[in-house]
Each structure stands twice: as C-alpha cells, then as structure tokens.
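Worksheet: the structure to be examined is printed underneath.
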Amino acid sequence: MKITPKNIIFHELIGLQVEVLNHPDPRLLGVKGRIVWETRNTLHVDTGRKTLVILKSGGLFRVTLPGGKTTIVRGDHILASPPERARRIVRGR
C-alpha cells in the first residue's frame with residue numbers, strides 16, 4: 001500500500017525524513033533528519049551528526065513522504081510499533 005498523508009499513521013516510518021515541529025522537550029525543536037529506527041514510544045533520528053532518540057508522545061512532526069510530499073503527524077497518533085499500527089488497518093482503525 002502506498003504511503004499517503006491519510007494512511008501514514010499505519011505505516012512504518014523508517015527511512016523517511018522528519019522534522020520536530022513541537023515537543024515537550026524544547027531542545028528537540030527543529031531537529032531534522034532521517035528516521036533510522038522506530039519503537040513503540042520512540043523515533044531514532046539520524047541528524048547527520050548523531051542519532052537522537054525522540055519520544056513520540058506529545059510531539060508534532062513534519063514527515064516527508066516518498067515523492068517529496070510532506071504531512072504533519074502527531075506523535076500520540078503513532079504511539080505503537082509499526083506492526084501494531086498496521087493491524088489497525090485490518091481492524092478498521
């Protein structure tokens with residue numbers, strides 16, 4: 001299934017570019033990079049200098065989809081591992 005702004009919360013995010021727009025930890029505001037790993041509660045973002053572990057909870061992220069289109073994702077909407085989020089599609093969200 002193609003990743004779109006409407007279905008991104010059901011997909012794995014590894015490999016996508018991300019920017020932190022808002023976060024409970026103000027030190028993370030503006031962080032940009034590529035998502036290299038994802039767990040239930042965190043995104044691991046390679047900034048080019050180091051890999052940061054960013055909590056999803058309370059965050060607001062701009063994610064660049066394949067093809068260059070961007071979308072905004074609330075961290076609370078992706079609080080689950082990629083396989084758990086994929087199962088939501090089968091269950092009807």
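The values are calculated or read from the model by the stated rules, or taken from the named source; none is laboratory data. Please read these numbers as outputs of a predicted model, since none were measured by experiment. Cβ coordinates were reconstructed from backbone atoms using ideal geometry, including for glycine residues, and neighbour counts include every protein chain displayed.
When residue 67 is tested against (1) small (Gly, Ala, Ser); (2) assigned to a strand (DSSP E or B); (3) at pLDDT below 95, only condition (2) is not met. Checking each residue in segment 56-86 for being surrounded by 16 or more Cβ atoms within 10 Å (Cβ to Cβ) and farther than 19 Å from residue 4 by Cα picks out 56, 59.
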